[in-house]
Amino acid sequence: MAISREHVRLCCDSTGITVATPSTTIGKSPVRNAATRSDLLAPERLRDLYERQGLDLNQIARMAGCCPATASALLAQTGVPLRGRPTLPSRPDITREWLHREYLLEQRDLTGLARERGVTLHHLTTMAKNLGFPIRIAAGRYNAIGHLDLPGPLSAAMRAVVMTPFALDRLRVITQVPGHATVAAAARAFYGGRSSALRQRIRGIEDAAGFAVIDRAKRPLVPTEQGRAFLHEAAGILRIADDA
């Protein structure tokens, strides 16, 4: 069955699905047999890997095809002291207050925050865990416009609408609808003539906002009373995004 890019984007937009993080195990060479595993986990070989070659438990476990806990237990039995967890380098610009505001309050994703601060995702995730912050799953919903320097907090409706990777695209779509005679006319003007797709997109935005944004009974289409304030807020966000 042929599925267009538009169908995939609409599905992702309506369900909140994002691209999953690739598995770190892809491309690894598994241990081919038990004899190889036994050789790698032999006491002297294990000591050599951990102490002299400086490999960590995860690296040894991947080589041997076992879990890190197994490698840790065997090292303890061999009498090899385990290294402590490495401490994160000091970054004065990454504070508890900053991470609390951006990650928990603004609901931004750790990947974007790590890129913004020039650190690895592991660094920021470790810091968040150490601070006791709940870690959202990689494919979870997040505020995709949290990086913008907005003049004030978002309205509740806007916050719900932008909790998707397609936030700015959503706002660009909904702000272009008023003024057209019908949704079909709007689709012909800026949505490639896909009126059913545009209707579905508008419904998704309105469902997230919790109210009708577009009054479909009026000709031409106009925003509802609540929709007028929402579109004004959306237009302000788009101006800031375009200038960023």
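Taken together, the values in this text are just the output of simple stated rules run on the coordinates, not laboratory data. In this text, all values refer to a predicted model and were calculated from it rather than measured experimentally. Positions of Cβ are backbone-derived with ideal geometry, glycine not excepted, and every protein chain shown enters the neighbour counts.
At full extension, LEU82 and ARG228 could sit 46.4 nm farther apart than now, given 0.36 nm per residue minus the alpha carbon distance.
I need the shape label for segment 34-78. Rule: rounded when a/c is under 1.5, else prolate if a/b > b/c, else oblate, with a, b, c from the alpha carbon gyration tensor. Note, shape of segment 34-78 comes out rounded. At an R0 of 35 angstrom, the distance between the Cβ atoms of ASP242 and ALA184 translates into a FRET efficiency of 0.80.
The stretch between THR70 and ASP48 holds 6.3 nm of extra length on full extension. This uses 0.36 nm per residue minus the Cα-Cα distance. The amide H of ASP215, built 1.01 Å from its N in the peptide plane, has VAL222, THR224 as neighbours under 5 Å, considering only residues 5 or more places off or on other chains. In this rough spin-label picture, where each label sits 7 Å from Cα along the Cβ direction, the ILE135-SER155 distance is 3.7 nm. LEU171 sits among other residues whose Cβ lies under 12 Å from its own Cβ, and their net charge, with Lys and Arg +1 and Asp and Glu -1, is +1. Modelling each spin label as a point 7 Å along the Cα-to-Cβ direction, I'd like the ARG199/ASP215 distance in nm, to one decimal. Between ARG199 and ASP215, the simple spin-label model gives 2.1 nm. Using only Cα coordinates, the Kirkwood hydrodynamic radius of segment 90-142 works out to 11.0 Å.
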